[in-house]
Amino acid sequence: GRLGVAVVTAGPGVTNAVTAVKNAQMAESPLLLLGGAAASLQKGRGALQDIDQLSVFKTLCKSCVSVATVRDIVPTLRRAIATAQSGTPGPVFVELPIDVLYPFHVVEKEIGGTKTGRSLRGKVVKW
């Protein structure tokens, strides 16, 4: 009856959690699954590990949300925990994009941004 918490990386980490989340759903166990995600600006642009993770868990979880800003992290986690434990307990999924968790200069390095932008790739990333 206590809340379980799992934290997984984006893409394969999230998809590898599907079986465990389904088991939590069937056992009516409250579970908070936190999953990483590609940077918000790269969603839908073919970024590494950019899959529609919310759709994967829509039928398995009581709630699936993506955090958009740093100030939304705590309220979103509070709502998710309450949802997981309320009524018939079950799993919830919270997606945390990399640009919400880390400062911009760290994310820029991770996604391959360049200061000069001289190459075609650099210009595209800057654009």
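The values are calculated or read from the model by the stated rules, or taken from the named source; none is laboratory data. Just so we're clear, the structure is a prediction, and the values are computed from it rather than from any experiment. Virtual Cβ from ideal backbone geometry, glycine too; neighbours counted across all protein chains shown. In case anyone asks, the SASA skips ligands and DNA or RNA and just uses the protein heavy atoms, side chains included. Shrake-Rupley method; radii C 1.70, N 1.55, O 1.52, S 1.80 Å.
Only one residue in Asp50, Asp72 is among the acidic types (Asp, Glu), open to solvent by less than 60 Å² (accessible area, probe 1.4 Å) and modelled with pLDDT of 90 or more, so which one is that?
Of Asp50, Asp72, the one residue that is among the acidic types (Asp, Glu), open to solvent by less than 60 Å² (accessible area, probe 1.4 Å) and modelled with pLDDT of 90 or more is Asp72.
Here's a check for you: in the stretch 1-38, which residue that is over 20 Å from Pro89 (Cβ atoms) and of a type in the set (Gly, Ala, Ser) is surrounded by the fewest Cβ atoms within 10 Å (Cβ to Cβ)?
Gly13
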